[in-house]
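Below: the structure, in structure tokens.
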Amino acid sequence: MHITIDTGDWGEDAPQSHRWATRIAVHQGDDGGCSLMDWSAEEQKEISMFTPLNRDDVLNSDYAPQLWACVDAVLMNESRLEHIRQ
């Protein structure tokens, strides 16, 4: 499963540089866990509403702990993902 975490200022007048999105792959089963995904070059060309963050943008950044806290919150609290928590 893939999820996208959108963060930053998503107010109507906020610039693209104040909005970020990061893709996460969620792996189930015995080897379960999460990993950061990159946006393809084609996708990045089409994006104008936010700044796409790739793996290297997040790893070892001040933002990383906040991102993983968001991922944990989504996986633990989203009722549509209850089958993953079992």
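The values are calculated or read from the model by the stated rules, or taken from the named source; none is laboratory data. All figures in this text were calculated on a predicted structure; none of them were measured in a lab. So basically every Cβ, Gly included, is an ideal-geometry build from the backbone, and we count neighbours across all protein chains shown. Side chains included, ligands, DNA and RNA excluded: accessible areas come from the protein's heavy atoms. Shrake-Rupley method; radii C 1.70, N 1.55, O 1.52, S 1.80 Å.
Quick notes on this one:
- Label point at Thr51 placed 7 Å out along Cα→Cβ; residues across region 1-21 whose backbone nitrogen lies under 20 Å: 4-21
- Across the accessible surface of the chain, with the other protein chains kept in place and a 1.4 Å probe, carbon and sulfur atoms take up 47 percent.
- Taking a point 7 Å from the Cα of Gln28 along the Cα-to-Cβ direction, the residues of region 42-83 with backbone N closer than 20 Å to it are 71-83.
- Low-density loop cleavage sites - GluC sites (Glu not before Pro) in region 25-86, where at most 16 other Cβ are within 10 Å (DSSP): Glu78
- Normalised per residue, the accessible area of region 2-84 is 67 Å², obtained with a 1.4 Å probe and no contribution from ligands, DNA or RNA.
- For the chain, the longest principal axis of the alpha carbon atoms and the long axis of helix 64-77 meet at an angle near 50°.
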